[in-house]
Amino acid sequence: MASYTGPSIAANASSASINEYYTSLSFALPASLSVAKNLTWEQTPWLLPPISTAEASLIATHISPLFAAEAVPEAFEEDLAVGLQNALPFGIAYDSSTATAEEDLDECPVLYIVFPHLIRGVASRAHFLKVWHDDIVLPVYNRAWEDSGMLSEMWGKPAAAILSRLCEGREDAMRAVWPSEDMGGDMNEVWENIRRGIAVVPAKLAADEPLGPMRELNLSTPFLLLVHRSRFDLNPALSFSGLYASVGREWDKSVDGGQIVEHSFKVVVTAVIGDRDWVGEEVDGEERELKGVRFKRMAEEGEWGDWGEEEWEQGREGKRRRVG
């Protein structure tokens, strides 16, 4: 392994290039559940990824200004970061023309219900989930399908048939599908009915003596959040508006942009800049460059080929999609 030949790291700047340029986090605030062109009901929410501490801190910083200052306390952003970490995974927004298998759903935006003042997670609390499932979501789910004229085919299962998986530690997810607008579903009404139901959850839980600290749940002022974690390798030759549009087109496949709160859609871009990376193996007698190094060369030569089309490749973090 060779050492730098220059007098300092900065002196080697002329050889620097973009090794990697990608996003693996974008997010937005939906106005209602109708934001999803198609939406699952995740009945085993403990199996979906929670919002991490780092994600929560970043998201809170960028969405807290969208809430009216007079409606929130001074420490709202700090409280919101905690509430985001305890958000309840609710569903997955997907494109019905492409999401045909479980692994496809893993590449779609996750919809969370955020309780900004919640200081304890509820996604794996059996007592909470029983009330949430049987008393709040299930009646709304059945009513939505009844209104669509297809109730007999889509009747929901009670919590008892699902929560046993939590106790057994099973990792196979259970989910149902909400009726889309094409099926006659009214997801605006669904969200309003769920919000009304949330208001009575604390009282229902308070009647259950074994709950202890669960009695103190603060579920006030809930709102929706969409988080997309699928990795998209980006074209660094694009302008910021081009990068925004490239990721936005991926969202447009499963999300109705007209139902996104104005100014809430954000894309977090990561760039790794340095000397060119090399893979420790030879191909046809020459060491092979990592794909990231090709960014600079392709930008200089104008050879972006068909990067506007969706492509897949196996990367160090699993499936990675190239966009833009």
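Could you check how many residues of the stretch 122-154 are part of a loop (DSSP other than H, G, I, E, B), surrounded by fewer than 15 Cβ atoms within 10 Å (Cβ to Cβ) and not hydroxyl-bearing (Ser, Thr, Tyr)? I'd like the intermediate steps shown before the answer.
Applying the first criterion (part of a loop (DSSP other than H, G, I, E, B)) to the stretch 122-154 yields 122-125, 149-150.
Right, trim to surrounded by fewer than 15 Cβ atoms within 10 Å (Cβ to Cβ) and you get 124, 149.
With not hydroxyl-bearing (Ser, Thr, Tyr) added as a condition, the list becomes 149.
Matching residues across the stretch 122-154 total 1.
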Of these, 218, 235, which one is at pLDDT 70 or above, in a loop (DSSP other than H, G, I, E, B) and either of a type in the set (A, V, I, L, M, F, W, C) or within 28 Å of residue 125 (Cβ to Cβ) (or both)? 218
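Which residue is farthest from the chain's Cα centre (by Cα), if the candidates are limited to the stretch 18-29 and must be among the hydroxyl-bearing types (Ser, Thr, Tyr) and either crowded, with 19+ Cβ neighbours inside 10 Å or not in a strand (DSSP E or B) (or both)? Step through it out loud before you land on a result.
Initial filter on the stretch 18-29 (among the hydroxyl-bearing types (Ser, Thr, Tyr)): 21-24, 26.
Restricting the remaining residues to those that are either crowded, with 19+ Cβ neighbours inside 10 Å or not in a strand (DSSP E or B) (or both) gives 21-23, 26.
On the way: 21: 20, 22: 16, 23: 13, 26: 7 Å.
The extreme case among them is 21.
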Where a residue in the stretch 105-128 is among the aromatic types (Phe, Trp, Tyr) and its partner, wherever it lies, is at pLDDT 95 or above, with Cβ under 6 Å and at least six apart: 112/87; 112/89; 112/225
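Does residue 174 satisfy the condition of being surrounded by fewer than 16 Cβ atoms within 10 Å (Cβ to Cβ), of a type outside the set (Lys, Arg), farther than 30 Å from residue 79 by Cβ and touching a strand residue (DSSP E or B) at 6+ places or on another chain (Cβ under 9 Å)? Quick ask: steps written out before the conclusion?
Details: surrounded by fewer than 16 Cβ atoms within 10 Å (Cβ to Cβ): yes; of a type outside the set (Lys, Arg): yes; farther than 30 Å from residue 79 by Cβ: yes; touching a strand residue (DSSP E or B) at 6+ places or on another chain (Cβ under 9 Å): yes.
Yes: the conditions hold for residue 174.
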Scanning the stretch 184-207 for residues that are under 25 Å from the mean Cα position of the chain (by Cα) and at pLDDT below 80 gives 185
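The values are calculated or read from the model by the stated rules, or taken from the named source; none is laboratory data. These numbers were taken from a predicted model, which means no experiment stands behind them. Backbone-built Cβ (ideal geometry, glycine too); neighbour counts: all protein chains shown.
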